[in-house]
Amino acid sequence: MAKKKEESILPVYDIQTFRGTGSKNSFFDIKILEQHLREHEVTLHPHRHDCYLILLVTRGHGKHIIDFVTYDVKPFSAFFLTPGQVHSWSFSEDAKGYVIFFTSSFYMLYKREKHLTDFPFFRTLGNPGALQLDEHKEGLLITMLQEMVVENSQDQLGRDEMLRNCLDIILTRLSRYYEQSSPLRSTSAVTLQVRQLEALIEAHFLKLKSPTEYADQMNVTPKHLNDVCRLALNKTVSDLIHERQLLEAKRSLAFTTATLKQIADHLDFNDKSYFIRFFKKYTGLTPDEFRESHLKVHQHP
């Protein structure tokens, strides 16, 4: 018998949604934050994007919720989202900044040696979705963002190449802030193995549940893989698998009308009871308690 599909109550926005029907580019956009907030009040409520997003706030305060983690918004806060992540935000009236939307295909067009997952803020495991920048050192960054807004509004020769190169510089510059704050403080080989593991978990967490299965995928022993995770993140492989399962469970509970059995089936648990025990063990709440508490927080008049 086929599983009944979850019914999402969460909107998913693409780049075209915010650009308007007259846009010629569905793969990149940069907007001034205050204009974006005026034109799209829907972003105040939880939603997803099918693209990557960078938010840089240069003025004002507020809250930004990314996959159930609440971040304080301050001047020169930067935030990063990968496709499918759930977020919502609220800002003070004086908020200013920039929002960049782009797809993987836009960034990777010229077969760059780097991939987006090489940047630490675009990996959901082990890294926060926010950075606090030093406003006294980021005059050049702001100038570049201003130039990108102008370039994006015109249709001149080489526009996309200019925007792509500027984006690469911005991503590289922002990644430098992770040199001291990133939990990955180990050797390069260890870092690469953790990145590979994160990518495998993201791709296969619905079916592969044991550390041994991931170790086999990487042609290493389970002990070696656990040692790598402990050294880099102070976590086990099982911790990382469970974190991804819990995130998916929370998304389903908060943003779909799926029953507990449907969610358990989606996550490939043996039965609903096992899913309930698993969820409560790691969150302290039953799935129903979590769903009810989330609805109370996000109900709008």
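Going by what's in this entry, would R277 be described as assigned to a helix (DSSP H, G or I) and either of a type in the set (D, E) or in contact with a helix residue (DSSP H, G or I) (Cβ under 9 Å, 6 or more places away or on another chain) (or both)? When the stated conditions are applied, R277 does not pass them.
Quick one: how many residues across segment 270-296 are β-branched (V, I, T) and more than 19 Å from R244 (Cβ to Cβ)? Steps first, please.
Looking only at segment 270-296, we keep the residues that are β-branched (V, I, T), and these are 276, 283, 286.
Imposing the further condition that a residue be more than 19 Å from R244 (Cβ to Cβ) reduces the set to 286.
Result for segment 270-296: 1.
When you scan segment 26-39, do you find a residue that is over 15 Å from the mean Cα position of the chain (by Cα), closer than 21 Å to V150 by Cα and assigned to a loop (DSSP other than H, G, I, E, B), even just one?
Start the filter on segment 26-39 by keeping residues that are over 15 Å from the mean Cα position of the chain (by Cα), which leaves 26-39.
In the following step, the residues that additionally are closer than 21 Å to V150 by Cα were identified as 26-39.
Now drop any that are not assigned to a loop (DSSP other than H, G, I, E, B), which leaves 26-27.
Scanning segment 26-39 turns up at least one residue that is over 15 Å from the mean Cα position of the chain (by Cα), closer than 21 Å to V150 by Cα and assigned to a loop (DSSP other than H, G, I, E, B).
For (1) more than 26 Å from L10 (Cβ to Cβ); (2) in contact with a Phe, Trp or Tyr (Cβ under 8 Å, 6 or more places away or on another chain); (3) in a helix (DSSP H, G or I), each residue gets a yes or a no:
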position: I201; (1), (2), (3): no, yes, yes
position: K207; (1), (2), (3): no, no, no
position: T212; (1), (2), (3): yes, no, yes
position: K223; (1), (2), (3): yes, no, yes
position: R230; (1), (2), (3): yes, no, yes
position: I241; (1), (2), (3): no, yes, yes
position: L246; (1), (2), (3): no, yes, yes
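Residue-level analysis places F255 among those that are surrounded by 14 or more Cβ atoms within 10 Å (Cβ to Cβ), under 24 Å from the mean Cα position of the chain (by Cα) and not aliphatic (A, V, I, L, M). Residues that are under 18 Å from N152 (Cα atoms) and of a type in the set (F, W, Y) were ranked within segment 10-60; the one that is modelled with the lowest pLDDT is F18.
So which of L157, L145, L53, L140 is of a type outside the set (D, E, K, R), in a loop (DSSP other than H, G, I, E, B) and out of contact with any helix residue (DSSP H, G or I) (no Cβ under 7 Å at 6 or more places or on another chain)?
Working: L145 fails: in a loop (DSSP other than H, G, I, E, B); L53 fails: in a loop (DSSP other than H, G, I, E, B); L140 fails: in a loop (DSSP other than H, G, I, E, B).
Of L157, L145, L53, L140, the one residue that is of a type outside the set (D, E, K, R), in a loop (DSSP other than H, G, I, E, B) and out of contact with any helix residue (DSSP H, G or I) (no Cβ under 7 Å at 6 or more places or on another chain) is L157.
Residues of segment 189-202 include none that is crowded, with 17+ Cβ neighbours inside 10 Å and farther than 27 Å from F119 by Cα.
Taken over segment 84-119, residues that are part of a loop (DSSP other than H, G, I, E, B), of a type outside the set (G, A, S) and surrounded by 15 or more Cβ atoms within 10 Å (Cβ to Cβ) amount to 3.
Across segment 259-278, the number of residues qualifying as small (G, A, S) and under 25 Å from the mean Cα position of the chain (by Cα) comes to 1. Can you work out which of the residues in segment 160-181 that are surrounded by fewer than 16 Cβ atoms within 10 Å (Cβ to Cβ), in a helix (DSSP H, G or I) and charged (D, E, K, R) is modelled with the lowest pLDDT? Top of the filtered list is E179.
Taking segment 134-175 as the range and being of a type in the set (G, A, S) and in contact (Cβ under 8 Å) with a residue 24 or more places away in the chain as the test, only S175 passes.
Among the residues of segment 69-83, the ones that are more than 20 Å from P120 (Cβ to Cβ) and exposed (fewer than 15 other Cβ atoms within 10 Å of the Cβ) come to 2 in all.
The values are calculated or read from the model by the stated rules, or taken from the named source; none is laboratory data. A quick note: this is a predicted structure, and the numbers were derived from the prediction, not measured. Heads up, the Cβs are rebuilt from the backbone with ideal geometry, glycines too, and the neighbour counts pull from every protein chain shown.
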